[in-house]
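Novice: The structure that follows is given in the form of structure tokens.
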Amino acid sequence: MGAFLKNRYKGHKTKIQEAYLPITRLPIYEWVTLADAKNSLTDGANYFLAFQPLNGFVDMLKEFSIFKKWQQTNMALVFIFENDKEVVQAQALLVGYKFKESIFIKPISKMEPAWIAASYAILFNSIRFDKTSLIEMAIEYDIPLLFNNDENQNESLPTAWQQAGEQFSFEEKGGLSNHFKLYYKDEVYLQGRARMGKQWLTALFEEKKKAGLVQIPLAIKS
């Protein structure tokens with residue numbers, strides 16, 4: 001990030017100093033709390049959590065349909081959109097969808113940390129630095145991450161995040177449905193991908209400490 005800013009704002013590069021934020025202290029949830037979160041969000045069903053722009057909503061629904069037909073499962077898919085307007089638009093697109101009882105649509109303003117902690121895996125189509133806290137949160141709760149690495153859709157995926165989760169093209173036909181199936185059926189694979197994120201985050205902060213970067217006080221992060 002520091003190199004990016006220095007290159008973009010060359011006239012101010014001598015004033016730019018790279019720093020890092022410590023991981024926010026997160027609430028520890030008992031299984032009862034997570035079960036309550038699922039009950040209120042998806043009527044108790046396990047779910048994938050998706051940060052998917054509206055223009056990719058229908059395509060992800062199609063991939064989820066393939067997965068549902070294969071598995072005959074009550075697994076749900078929860079979409080988080082940036083605002084209420086997108087929520088309304090997505091709900092309109094959902095009309096007539098065969099598995100709409102397994103689709104839940106929420107604005108990011110209503111999202112709770114427990115939704116992250118209770119999820120099966122999290123899909124990030126569009127990544128920007130404003131999602132850093134969500135990524136850290138998921139990793140702390142041992143939730144595996146899936147990133148869209150399609151260059152035409154997600155040019156902003158930071159290089160430093162490339163080991164935080166699994167990367168593949170969400171636009172590739174069958175890619176999402178195959179990953180839905182893999183994460184659902186293979187518990188060992190699921191846990192391995194969760195450890196991948198934990199190892200990445202630990203190594204990243206160790207590297208920043210060794211580099212002597214300034215640590216911004218945790219209070220500023222909130």
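Since every read-out is calculated from the coordinates, none of them should be taken as a lab result. As the structure is a computational prediction, the values presented were derived from the model and not from experiment. Note that each Cβ is placed from the backbone with ideal geometry, even for glycine, and that neighbours are counted across all protein chains shown.
Novice: Quick check: net charge around Tyr29, other residues with Cβ under 13 Å of its Cβ, Lys/Arg +1 and Asp/Glu -1? The partial results should precede the final answer.
Specialist: Working: positive: Lys38; negative: Glu30, Asp36, Glu112, Glu140, Asp142.
So the surrounding residues net to -4.
Novice: Which aspartates and glutamates, if any, have their Cα less than 13 Å from the Cα of Lys131, not counting same-chain residues under 8 positions apart?
Specialist: Reachable aspartates and glutamates: Glu82.
Novice: Calculate, in nm to one decimal, what Asn149 and Glu187 gain on full extension: separation in residues at 0.36 nm each, minus their alpha carbon distance.
Specialist: Numbers: separation 38, 0.36 × 38 = 13.68 nm, distance 2.39 nm.
Result for the pair: 11.3 nm of gain on full extension.
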